[in-house]
Each structure stands twice: as structure tokens, then as C-alpha cells.
Amino acid sequence: MSKSRIYVAGHRGMVGSAICRVLKAHKDTELIIKAHSELDLTSQKEVNDFFESEQIDQVYLAAAKVGGIHANNTYPAEFIYQNLMIESNIIHAAHITNVQKLLFLGSSCIYPKLAEQPIHEASLLTGILEATNEPYAIAKIAGIKLCESYNRQYGRDYRSVMPTNLYGINDNFHPENSHVIPALMRRFHEAKMTQAADVIVWGSGKPMREFLYVDDMAAASVHVMNLDETIYEANTQPMLSHINVGTGVDCTIREMAETMAEVVGYKGNIIFDSSKPDGTPRKLMDVSRLNKLGWRYHYDLKEGLTLTYKWFLENLSSFRG
């Protein structure tokens, strides 16, 4: 029996690397990966040539330019341009080389800032987006609609999953351009090592957030990709084809920071700087559709943070500077 040739775009990123770990356990799978130095995903010609030469059976589109509030505010042009180019090139190349199955990974930021909680998939395009990451969100919405459009016009089976806030192994721990969990993990660790009296956390600490450990996201992605097409279609609609992925459980940023301090072993004070932006007041995903499709999360926040901090310590030398 021949192996399925599966291309994971973004295999060095947090989510892509987790998907690779899951797929490597499948003996009927042959992974195809390319580093950025070998393949520029923003180049249509390079992507087309790559797909034409590789005879790909399935695609996991996990490649993206990502970052936290500071990065999104500072580099909006890069966030919208690079993400639009990456997804457009890959999805179209998959189609013209007759790749029937593709999974696009989006983000919970696609939903309106004041969407009814928990956020159902039907909330898409029903209100104004959070201003701090609107360019990135617009690009991710376009990716969903690209998949839907190729499905509608050409009968493709291109699916989309929208994860909640992710964290874990291979996260970006840059002190300014990272998301809240890796940024705080590094900050708390450095404060512990220097015995700093205080750690400053951006915002009031009141916003509610849902967090998902990346290995759970990878497991959910493979689960959704492997669902029988009739089952998937029965649980989605032609213009509502994306599926939320999360825990269905949220906490305040303050609660997350306190859990982080406990995991890291920081004993000092946690100070909240309310002059910094909070972002969306609450983001909790309605994951009832995914639950009905047979998948639920495994790792709770403390367990996921503990695993992440263990990996952080093991790779600490790569975060210097």
C-alpha cells in the first residue's frame, strides 16, 4: 500500500511542528517539508513549481506570520500581505495540481470584537473586528473563503479549523513580538532568576481568554482532516465550513498570570499596567460542533504550562539576546 504524501506548510512553527509529530506516528504517511530557505511561500512561481514536482496528496496549511498585540500594531502591512500571499499561493497550487484534501488553520481573531459568548462559527462577518489585529484577521477570513470558494466551484475538500489562543512547544518567546503566554513565561522566568520584586503584565488583567495546548490543536487538526467527507459536510455548510477548536473553558489574564507564576516558581508581585491595551474583552469559543464530531481537549492550562516550561528550560540557550 502506497503512503499518503502529506505536505505540512509551516513545519518549523509551533502548530506545524506539532502536526508533524502527530503525523509521524502514522505509518501510512510520508511527510513533505521545506524550510523557508528552500521555498518562499510568498512566491507564486516557487510554490507552483514545488507542487508540480512533489505529487502531494494532502496539505496542512499551518504557515503564517504570527505575533501578539505589539507585533500586530507595529507591522500591520506585513501581517496582511504575507498571510494573504502564503494562503493564496498554497490553496491555488493545491487546486491546479489536483490535491483534493487541504486543511487551513485560521485563528479565533476572525470573529467580531463584541461577538456573543461563547463564539459560534456563525458569528463570522457579523460585526467589527478588534482593531489591534484586524489586518491579520482579514487575511485569515480570506483563507476560509478561499477554501469555501474552491469547494463550491471545483468540488474540492478544503477544510478550515479556527483555534483559540495556542501555546506550547516551539512557541515564539521573543520578549516583544510574542503572544501573551510565551512572553509572560519568559518574563516570569527572568524575574525568578534575577529575584525581581515585580513582574509587569500588560492590561488590566480582566479580559477573559481561552488557551489550548498545541499538541491538542495538532490532534484536533488531524481528526478534522480525517473525518469522512459526508460526516464533515453534514456538520458544516457551504458558506459556513470552518470549525472552532478550543477547550470551551476560559479564565482571566490575571488567573493565567497567577498560574504561570506558580508553574515557573516566581514568588514576587504581579503588577497589571492598565495603560496598555487589553484587546478583546472576552474570547471563548463555542466548540460544540467539534465535540459532536468526536474530539475534546486533553491538556488543562496548568498541565500545558508545565510541559511548555519544561521545554523552555531545555531550550533556553536559543532564547538569549
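Residues considered: ASP198, ASP215, ASP157, ASP250. Of these, the only one that is crowded, with 17+ Cβ neighbours inside 10 Å, of a type in the set (D, E, K, R), closer than 30 Å to SER317 by Cβ and touching a residue at least 12 places away in the same chain (Cβ under 8 Å) is ASP215. Counting only strands (runs of 3 or more DSSP E) that fall entirely inside region 195-249 and contain at least 2 residues that are not aromatic (Phe, Trp, Tyr), the qualifying elements are 198-202, 242-245.
Among the residues of region 24-42, those identified as over 16 Å from LEU61 (Cβ atoms) and either out of contact with any strand residue (DSSP E or B) (no Cβ under 8 Å at 6 or more places or on another chain) or among the aromatic types (Phe, Trp, Tyr) (or both) are ALA25, HIS26, LYS27, ALA35, SER37, GLU38. Look at region 66-80: where a residue is without any contact (Cβ under 8 Å) to a residue 60 or more places away in the chain and a partner is of a type in the set (A, V, I, L, M, F, W, C) and not in a loop (DSSP other than H, G, I, E, B), sitting 6+ places away or on another chain with Cβ atoms under 8 Å, you get ILE80/ILE138; ILE80/ALA139. Residues of region 1-50 that are among the polar types (S, T, N, Q), surrounded by 15 or more Cβ atoms within 10 Å (Cβ to Cβ) and free of Cβ contacts under 8 Å to residues at least 40 places away in the same chain: THR29 alone. Of everything in region 227-278, what is within 20 Å of the chain's Cα centre (by Cα), over 13 Å from LYS206 (Cβ atoms) and of a type outside the set (A, V, I, L, M)? Give them in sequence order. If the condition is that a residue be within 20 Å of the chain's Cα centre (by Cα), over 13 Å from LYS206 (Cβ atoms) and of a type outside the set (A, V, I, L, M), then SER241, HIS242, ASN244, GLY246, THR247, GLY248 are the ones that fit. Within region 40-74, restricting attention to residues that are part of a helix (DSSP H, G or I) and either under 30 Å from VAL201 (Cβ atoms) or touching a Cys at 6+ places or on another chain (Cβ under 9 Å) (or both), the residue that is modelled with the highest pLDDT is THR74.
The values are calculated or read from the model by the stated rules, or taken from the named source; none is laboratory data. Since the structure is predicted, the reported quantities are computational estimates derived from the model, not experimental observations. We place every Cβ from the backbone using ideal geometry, glycine too, and count neighbours over all the protein chains shown.
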